[in-house]
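The values are calculated or read from the model by the stated rules, or taken from the named source; none is laboratory data. Computed from a prediction, not measured in an experiment: that's the story for all the values here. In this analysis, Cβ positions are derived from the backbone assuming ideal geometry, glycine residues included, and neighbour counts consider all displayed protein chains.
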Amino acid sequence: IAAILRDTRTLDSLRARFHDFRGLGILPGLFLSQGLNLGFVADGTEEWATVHPPDNPRRRGWLIGQRAEIAVGRGRLTHWAALLDSLRAFGDPAEFDPVGTDIRVVQLALAEPGLDSAAARAAERLRARAGHEDDLDAICWAEIWQVAQGDTTDTRRVIGHLDALVPDDWQIPDRVYQFGVCQRLLEAMAEWSGRVLDQAPALERLDSLMQLGPPERPLQLANLAIARWRREQGNTERAYAAIRRQMQFAALIDLRPAYFREEGRLAALAGDTTNAIRAYEYYLNVRDDPDPALQPVVDSVRAELAALVAR
């Protein structure tokens, strides 16, 4: 509650009780969603680790995962990817999701610079899994990476395969494949590849679909992509609408800073200076320890924010 209210005084008073706090694992996502600096959570995590030594696989895996969530928010993306790799060796196999982890790497690499090598390895693992079983997540994200690299050779077949794997009466919680978000995103990516189009039917279909509500699984990339494509078209109104279609908590943790950055940019273009300043300030709050590849982006946001404040 203190984080949601941005009550820093109460948060500071809780520091002494961090080692007893059972909800520490929710804090990275909560702080990111509110645009709060993650140094507080990082300090608390390390204090917890001194009181509760990671002396078994489950505790060790939790600690590595917690450090990873903090790193991705602060912009230490290569460290984040390395921590995820270490979970394969040191985490609890019963709780480690290899497909979900590889998807996170691919997705973030398409939103932020500096992760291409890690994402290429993750995509290879997804492609291998997709070749052995009809894992919709693996099939989807392996092909998303291929299309992002400019290879659309197999895209039409993959889209048809995904559509065929989803019976009309199959009710799944995230509805990503039932409603065709992955398929429509692949179509739009293939259509847009290397071009800026005034008329983009696949983008129109994806944009219309996403107006029904964001998926609850990791296809938050769709709204970010729509916003960027609409901005490139010069359609600020629709770009701004797309970037504001987002989930407010954990499902967006990896992409939250990219959303803040794009929202600030689009708000400024739309003349919404108040929200532009808020989004940029949130971005800079969380991106306080970026990788070298991200530093120019952070510096650019800082300069844009200074210009807005000086008006």
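Annotations for the structure displayed:
- So Ile253, is it surrounded by fewer than 23 Cβ atoms within 10 Å (Cβ to Cβ), touching a Leu at 6+ places or on another chain (Cβ under 6 Å) and at pLDDT below 95: yes
- Number of positions in segment 131-156 that are free of Cβ contacts under 8 Å to residues at least 12 places away in the same chain, closer than 20 Å to Thr101 by Cα and charged (D, E, K, R): 1
- Pick from segment 35-92, criterion free of Cβ contacts under 8 Å to residues at least 40 places away in the same chain and in a loop (DSSP other than H, G, I, E, B), ranking: surrounded by the most Cβ atoms within 10 Å (Cβ to Cβ): Gly91
For every residue, the table says whether it meets (1) surrounded by fewer than 22 Cβ atoms within 10 Å (Cβ to Cβ); (2) modelled with pLDDT under 95; (3) of a type in the set (A, V, I, L, M, F, W, C).
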{"residue": "Asn223", "(1), (2), (3)": "no, yes, no"}
{"residue": "Ala227", "(1), (2), (3)": "no, no, yes"}
{"residue": "Arg231", "(1), (2), (3)": "yes, no, no"}
{"residue": "Ala239", "(1), (2), (3)": "no, no, yes"}
{"residue": "Arg244", "(1), (2), (3)": "yes, yes, no"}
{"residue": "Phe249", "(1), (2), (3)": "yes, yes, yes"}
{"residue": "Arg265", "(1), (2), (3)": "no, no, no"}
{"residue": "Gly271", "(1), (2), (3)": "yes, no, no"}
{"residue": "Thr274", "(1), (2), (3)": "yes, no, no"}
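- The set of residues from segment 163-196 being within 17 Å of Leu224 (Cα to Cα) and modelled with pLDDT under 70 comprises just one member, Val176.
- Screening the candidates Glu262, Glu304 for the property of being of a type in the set (Asp, Glu) and touching a residue at least 40 places away in the same chain (Cβ under 8 Å) yields one hit, Glu304.
- Taken over segment 105-121, residues that are within 11 Å of Leu84 (Cα to Cα) and surrounded by 23 or more Cβ atoms within 10 Å (Cβ to Cβ) amount to 1.
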